[in-house]
Amino acid sequence: MAAAGSFDGSDGRRAVDRLTALVAAPSGGGSSIDWGRVTIEYDHGIPDDYKEFMGVYGEGVFDNFLSVVPPIPEAYPNDLSATVKGVTDDAQFTGEEEGFSDPDLLIGWGLTTDSDLLCWYADGDDPNDWTTVLWRRHWSGPEAWMRFDCGMVDLLCRYVRQEIPQFWIPDLRYSGSRFNRSRDIRRYRGTGTDLWGPEPLAG
């Protein structure tokens, strides 16, 4: 498994501030999440930068390509696969099948339209120290796994700055990067509104 970068141990708020300087957050805010309920369901804990991200951005998609999933279903209440638990189950199964050294340490937080998986590497008791792992479905062998020595939000910053290696860059009709909440994508589906067109949706 390849490694890239160095871990920045900044707190979650500062990490999200770095991201909002690159990608506009939804004007209506992110997701309202009962973190007490989440703590019961995920007794291993959740990194602070993820909690901050959910409050500012929420469940949603970057560039019609990279999705960040919620801890509990929100926009799609009946779809448990598109949650941290669902992606974790997929990642751990994939890790066992595809030769990852510690599949039980993978906790999923995102996925792409190419079916790549994005995970925390939960090798310590403090979730804020967890680094991230990317599995690229269309690669094979150990090269399919790439570990980044940074947290989730800083990995998103690298994605937005097009610093993820091996051409992991979507073909966009606009400059920069864009984020849309899943509930907005669902609301506008079927209306003819193009959330990924050359110009962002007003408001």
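Numerical summary
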| item | result |
| --- | --- |
| Complete set of residues in region 49-84 that are closer than 17 Å to TYR188 by Cβ, of a type in the set (A, V, I, L, M) and surrounded by 20 or more Cβ atoms within 10 Å (Cβ to Cβ) | VAL61 |
| Residue in region 134-145 that is in contact with a Pro (Cβ under 9 Å, 6 or more places away or on another chain) and aromatic (Phe, Trp, Tyr) present | no |
| Verdict on GLY99 being in contact (Cβ under 8 Å) with a residue 40 or more places away in the chain and either in contact with a strand residue (DSSP E or B) (Cβ under 6 Å, 6 or more places away or on another chain) or over 17 Å from ILE46 (Cβ atoms) (or both) | yes |
| Unmet requirement for ARG147, which otherwise passes all of (1) at pLDDT 95 or above; (2) assigned to a strand (DSSP E or B) | (1) |
| PHE100 vs. criteria among the aromatic types (Phe, Trp, Tyr), assigned to a helix (DSSP H, G or I) and over 29 Å from ARG187 (Cα atoms) | no |
| Unmet criterion (only one of (1) in contact with a Leu (Cβ under 9 Å, 6 or more places away or on another chain); (2) surrounded by fewer than 17 Cβ atoms within 10 Å (Cβ to Cβ); (3) not hydroxyl-bearing (Ser, Thr, Tyr)) for VAL87 | (2) |
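The values are calculated or read from the model by the stated rules, or taken from the named source; none is laboratory data. Keep in mind it's a predicted model, so treat the numbers as computed, not measured. Positions of Cβ are generated from backbone atoms using ideal geometry, with glycine treated the same way; all protein chains shown enter the neighbour counts.
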